[in-house]
Amino acid sequence: MAQATSPLEVIDDAPARRFSSDAAGLGRLRAGAFVAPALALIAVFLVFPALWVLYLGLTNYRLTGTAAVEPQFVGLDNFVKAVSDPAFWNSTWLTVQFVLGSAVIGQVVLGFTIAWLMRDRTGPLKRTVEGLVILAWILPSAVVSFLWVALLDRDGGTLQALLHVPGFAPLLDHPMLSIVIFNTWRGAAFSMMLYGAALGNVPPSHLESARLAGASGWQQLRDVVFPHIRGHILTNLLLISLWTFNDFTPFMLTAGGPDGKTEVLAVHVYKVAMLGQELGYGAAVSTVILLINLVVAVFYLRLLRSKK
Amino acid sequence: MAAIELRALTKVYPGGVKALDSLDLAIPDGEFFALLGPSGCGKTTLLRTIAGLETATGGSVVIGERDVTGVQPGGRDIAMVFQDYALFPHMDVTDNIAYPLRIKKVGKAARQRKAEEVGARLGLDQLMDRRPGQLSGGQQQRVALARVMATQAQAFLFDEPLSNLDARLRLEARTFLKKLQRELGVTTVFVTHDQAEALAMADRMAVMEAGHIRQIGTPAEVFQRPANTFVAGFIGSTPMNLLHGTVHGDTLEVAGCKVPVPVSAEGLLTDGERVVYGVRPEYNTYSAEPVEGSLGGKVVIVENLGASHLVTLEVGEVLVQAVVPEGGEPSIGADGFAAPRRDRALVYRDGELVSA
Amino acid sequence: MTRFVLGRIGFYTLIAVLLAFFTIPLLWLVAAPLTSDPTYEVRVPDFTLDNFRAILEHPYALPSLLNSLVLAVGTALLVVVFAALAAYALSRVRLPGRDALLYALLLLSSIITGTAAMVPLFQLAVELNLIDSQFGVILILTGGLLPAAIFMLKDFMDSTPKSYEESARVFGASPLQIVRHVVVPLVRPGLATIAVWAVANVWGNFLMPYLLLSDVEKQPAAVIMYTLYTEGGQANLTLLSTFGLLYSVPVVLMYLFVSKKYGFRFHGGIKR
């Protein structure tokens, strides 16, 4: 390695790229090897299924029978079937209600309200309230689903014990409302923390100027706070809408019933593809879900980038 | 122990930014050499290119008569102290100092002994079991120094060695570093943006600007005879007076006053040419009485520098500064005369020093 | 003055309502396991431990917790190792198409959810013979968590100074030595956070194991919990309450541990 070059020799000045200039000298080859396993897993278990669902939606594939062995290409038949199937539209409408009710309205309003009430506070009250809200979020979905089943039970539930209305079964009589309230309860924590941080970034001097000028709490909210957190409201909305749209948890409360009254798209796909064994049709509906996800996600990322 | 030589060293970043423009530099063995300049001048890039952390686009780096331009950073037999010292937080002081020896596959007992030896030399013997997070800034610096000393490399590179220390500590560390380098006798190149630091510590220095070396010389040379107006303006705690002037035979008309042509430019000026006249405030002799060949005006500001004062005179439309010893400070509004020393004043033509 | 008092009353009323709203559904989880012969209603518990004994006797309850652990730890291991390697390479080396790749990763992780991909994933598992295989579930969950993990770890590594690695490099360490001696110890907090995040995610995951595991002895707690209250007949409230509590405790502990140690909060990307 040591070249005993006489100092008077003219040295070739072509760039001697014999070593890499990243911090540890990894070089592109090794870096590629580092990235490969992760990319391989992502490609097989994330990208490939997403692409395959597009293909599947164009076949009449089923798990059993002839269509399983020799699935035939049926073109857009599945999509046509979906669009003309009232069950599909029923599910779509239910999902819209679910997302609007529990995410757009429910979680945002509830999360913001708690964050606003708890702003500038640091004591045990804040810790208790926040702790409980976060608990609702981190407990496993199977557990909270049952807690609400227990709560809403017609004969023995705690709600019943408090309200004393015999024969009142929220999960049967008002299933959509029940799961909307459930999901609001479940997911408020994320919005609460997001708005809590956003509110913390509102300069206190602005709020104080407004207060000195005589603005009431509501006016301060309207004139100082909302302009500051407008951007955060939008990103918050997009994220939780995306998550709620894909949420499978209602299945654990109502299994889509009674009579399909809570069969949101996630549950609908499961019923049609797994229980009904029509994977091709199920794939078509899944494609629709993917596309809607794509639109929301791109919108969200564009917003993130423009903020940077 | 090795000399460092740079020949036509160039570094161009993708995108066309020329960080180093065909630099030539020879640092003899054992010298304490400074790379000085404002931010963005390329001094840190140059240091990192010598280390091998940046690859040169052209030219070569020779260390100890060995062309290392194509050699990995780990194979150049040099050691580097980074600005943040880069002491590994999960290792104690002993392991940190011993780390280079561990790479060289020295046995555990041997390298611990060496670490203790070097640590003791720098007064770290009570701290050998501590983690870097438990050390003060000055102690961390000494551990970083101990680590490079343990390598017994041919040359040391320091990137802004004092900038992470607070002001008081910095002055002590300056003296400490200079003494240490003298004792070790290892060729050392250090980067700094602080001209006072460079003047105090270096045997010789290179003043850089925008990828070029503007002057190489000893601190005295760079201070007394800056080669161009950039160096003249950059060096010196109080900025040099740089004034426009016109040549009239053996005098210069500067700010409406007549000053003699400096010794350094004698016989080298043409009548009527416009030049820049430079003289440090320290080399202006102040007087309250009119003096032949001085710049006279009204005192507008007097700044207290401790054992001396910086007096600013309004001469015509320009400001001229002079340093006045204790007890001689004038009052605002008084008339004052600054007589430049003929043997210290300088003339610049098109930014370059006029001299034989 | 009255406006102030009214305001205060209003505030505390609202707080009381909120507290009630969030507490009441949770009460059952802490009361029923300690109540002998629990009903759906929340009553003051008589602090019996009999219910826990019943859990020990149930053939699938405790083993399912073990299964949850296997899935969670297995996934966390794969996620941490693969994401760390990828994140380090992406952080330090300028690979071609790096920025496009990161954007794509972020996009992918948001779009391809369990719900959207359940059909093809099921079929993929059939084709690869990974149905009823815990390893299959681990692989699929890893694939789902990797993009976000890589993103978070790369962010973390970007903010770790390069001078440590460069310093070791000038001292002659090889790239792999640098990764071992310097990088891994430095990013340990980030790795720990990602590991806990992955475990918490998998611990509560219902859809994938429900879809892909048919043998009840392989089912994790999430599925067993669901099975306990949906499989025919009267729901066994003793088991449900106790099992639910046991199943919930680890996640709560993890959350407490992480927020104490690292102040780990999801603010939706807003820096505080």
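Nothing in this text is a laboratory measurement; each read-out follows from the coordinates by a stated rule. Here the structure is a predicted model, which is why all the values come from computation and not from measurement. Reconstructed Cβ throughout: ideal geometry from the backbone, glycine too, with neighbour counts over all protein chains shown.
What the table shows:
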quantity	calculated
For the stretch A:173-246 versus the stretch B:1-74, the gap between their alpha-carbon centres in whole angstrom	55 Å
Sparse-neighbourhood loop sites, GluC sites (Glu not before Pro) in the stretch B:269-324 - DSSP loop, at most 15 other Cβ within 10 angstrom	B:E273, B:E292, B:E317
Estimated distance in nm for a label pair at B:D271 and A:S21, the labels positioned 7 Å out from Cα along Cα-to-Cβ	5.6 nm
Members of B:K18/C:K162; A:K126/C:K260; B:K114/B:K178 lying beyond 19 Å, as alpha-carbon distances in this model show	B:K18/C:K162; B:K114/B:K178
Reach of A:K81 by Cα under 17 Å, taken over lysines that are not fewer than 8 positions away in the same chain	A:K271
Two-site FRET efficiency, A:I233 against A:L163, from Cβ-Cβ distance with R₀ of 30 Å, rounded to 0.05	0.30
Convex hull of Cα atoms in the protein assembly as shown, direction-averaged projection (nm²)	54.7 nm²
Computed [θ] at 222 nm, deg cm²/dmol, chain A (DSSP H ≥ 4; -39,500 (n - 2.57); rounded to nearest 500)	-19500 deg cm²/dmol
Within the stretch C:86-113, backbone nitrogen closer than 17 Å to the virtual label 7 Å beyond the Cα of A:L294 toward Cβ	C:103-113
Vicinal HN-Hα couplings computed from phi for the stretch A:88-100 (Karplus, 6.51 cos²θ - 1.76 cosθ + 1.60; Hz; Gly/Pro x)	5, 5, 4, 4, 4, 4, 4, 5, 4, 4, 4, 5, 4
Cβ-based charge dipole, the protein assembly as shown, positive-most Cα from A:F19, C:T23, C:T242	C:T242
Linear extension gain, B:E172 paired with B:V318, 0.36 nm per residue minus alpha-carbon span	48.7 nm
Virtual spin-label span in nm between C:A104 and A:L172, 7 Å along Cα→Cβ	5.3 nm
Calculated from backbone phi, Karplus (6.51, -1.76, 1.60) coupling profile of the stretch C:111-119 in Hz, x at Gly/Pro	7, 8, 8, x, 5, 5, 9, 4, 5
The stretch C:87-220 - Rg (one decimal) and Dmax (whole number), Cα, Å	18.4, 57
Where labels lie 7 Å past Cα in the beta-carbon direction, separation of A:L63 and C:S133 in nm	1.8 nm
Förster radius 51 Å - calculated FRET efficiency between B:D21 and B:D335, Cβ distance, rounded to 0.05	0.60
At 0.692 mPa s and 37 °C, Stokes D of the stretch C:42-126 from Kirkwood alpha-carbon radius, µm² per second	185 µm²/s
Where chymotrypsin sites (Phe, Trp or Tyr not before Pro) fall in DSSP loop in the stretch C:52-117, at most 14 other Cβ within 10 Å	none
Listed residue (A:M118, A:L162, A:S286) projecting farthest to the positive dipole end of chain A, Cβ model	A:M118
Computed magnitude of the charge dipole of the protein assembly as shown (debye, nearest 20; Cβ of K, R +1, Cβ of D, E -1)	1200 debye
Length gained when the stretch A:L100-A:L303 is fully extended (0.36 nm per residue, less Cα-Cα span)	71.0 nm
R0 of 35 Å, Cβ-Cβ distance A:V44-C:T227: FRET efficiency to nearest 0.05	0.75
Using alpha-carbon coordinates, inclination of helix C:221-230 to the longest axis of chain C, degrees	30 degrees
